[in-house]
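Asks: Here you go, one structure.
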Amino acid sequence: MFAFLDVPVAGAFHLIDPLITFLTPVLGGAAIAVAVVLFTCAVRLLLHPLARAAMRGERARAVLAPQIAELRTKHKNNPQRLQQEMVKLQQESGVSLFAGCLPLLIQAPFFSIMYRLCTSATVHGHPNSLLAGYAGQHLLAGGLTPMTTAVFAILLILIATTATLSLRWQQPASPSLLRYLAYFPVLIAVILPLAGGIYLLTSTTWTALERKLLGRLVPGEKRRVESAGGGD
């Protein structure tokens, strides 16, 4: 079904596999975990410009939300006039109501590639080194050592903690249901191999910190939209 991802997944594998080989003499059994963290951070760093664009779009839409709600109330019985006023508002503010959606869509394939890479037993016919030893164990498979079980427990607690922080740092106007999807990675980590859980923890932590940082770096977007929209 997702065969189109096979080539990019293989490309990602041929980048991270040498990293594991390089780190193993120094870190031993921890090499896989460190390699997953480093590789995930590298991918997220490359995607940062897209995340920044998405954040700007999200903040701009949040600024326009009260005006949009007012227009919908005012012209609820006149859809044609409502559409005209919405277009006018977008033109005056210079912000599309879909601002930020495209960067999010562009990021999606990269997350799919990382997910496949951390969950596929083989890649192009080769055993996936990310799932060697403890890194390939599943929480629900049973037969885990007490140490591995403890690692899974700590991992889930950390992901849940990151989700809680993400909720605190999200835009207040975000829909309630969408806000609490921040806890979805906790459920996914329960069924993933340990390597996949490490990827989720790294990625969700990056997302939370990125949102916090961007929330401080792009407040000027709010002033720009408010002044363009007239603020009346």
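The values are calculated or read from the model by the stated rules, or taken from the named source; none is laboratory data. Because the structure is a prediction, the values reported are computed rather than measured. Ideal geometry is used to build each Cβ from the backbone, glycine not excepted, and the neighbour counts take in all protein chains shown.
Asks: Evaluate the following for F2: is it of a type in the set (F, W, Y), farther than 30 Å from I198 by Cα and modelled with pLDDT under 90? Explain how you work it out, then say what you get.
Replies: Values: of a type in the set (F, W, Y): yes; farther than 30 Å from I198 by Cα: no; modelled with pLDDT under 90: yes.
Against the criterion (of a type in the set (F, W, Y), farther than 30 Å from I198 by Cα and modelled with pLDDT under 90), F2 does not qualify.
Asks: Related question: Mind counting the residues in segment 11-33 that are in contact (Cβ under 8 Å) with a residue 40 or more places away in the chain and surrounded by 16 or more Cβ atoms within 10 Å (Cβ to Cβ)?
Replies: 7
Asks: Follow-up. Considering only segment 75-127, how many residues are in a loop (DSSP other than H, G, I, E, B), modelled with pLDDT under 80 and among the charged types (D, E, K, R)?
Replies: Step one: filter segment 75-127 for residues in a loop (DSSP other than H, G, I, E, B), giving 75-78, 94-100, 118-121, 124-125.
Narrowing the set further to residues that are modelled with pLDDT under 80 leaves 94-100.
With the extra rule that they be among the charged types (D, E, K, R), the set shrinks to none.
The qualifying residues number 0.
Asks: Continuing with this model, one more query. Of the residues A31, A12, A42, A54, which is farther than 29 Å from K212 by Cα and in a helix (DSSP H, G or I)? Show your work before the answer.
Replies: Values: A12 fails: farther than 29 Å from K212 by Cα; A42 fails: farther than 29 Å from K212 by Cα; A54 fails: farther than 29 Å from K212 by Cα.
Selected residue: A31, the only one of A31, A12, A42, A54 that is farther than 29 Å from K212 by Cα and in a helix (DSSP H, G or I).
Asks: For segment 170-232, which helices (runs of 4 or more DSSP H) that fit wholly inside it have 2 or more residues that are surrounded by 17 or more Cβ atoms within 10 Å (Cβ to Cβ) and either out of contact with any helix residue (DSSP H, G or I) (no Cβ under 7 Å at 6 or more places or on another chain) or at pLDDT below 55 (or both)?
Replies: Details: elements: 176-179, 184-191, 194-217, 220-229.
Fully inside segment 170-232 and qualifying: 220-229.
Asks: Same structure, new question: Of the residues A135, A108, A153, which single one is surrounded by fewer than 17 Cβ atoms within 10 Å (Cβ to Cβ) and either in contact with a helix residue (DSSP H, G or I) (Cβ under 7 Å, 6 or more places away or on another chain) or within 28 Å of A10 (Cα to Cα) (or both)?
Replies: A108
Asks: Restricting the search to segment 156-168, which residues are among the hydrophobic types (A, V, I, L, M, F, W, C) and either at pLDDT 90 or above or crowded, with 16+ Cβ neighbours inside 10 Å (or both)?
Replies: Taking segment 156-168 first, the residues among the hydrophobic types (A, V, I, L, M, F, W, C) are 156-160, 163, 165, 167.
Matches in segment 156-168: L156, I157, L158, I159, A160, A163, L165.
Asks: If the Cβ limit is 9 Å and pairs must be 6+ apart or interchain, which residue in segment 34-55 that is in contact (Cβ under 8 Å) with a residue 60 or more places away in the chain and over 16 Å from P8 (Cα atoms) pairs with which residue that is part of a helix (DSSP H, G or I) and among the basic types (K, R)?
Replies: Hits for this filter: A51/R44; A51/R211; M55/R211.
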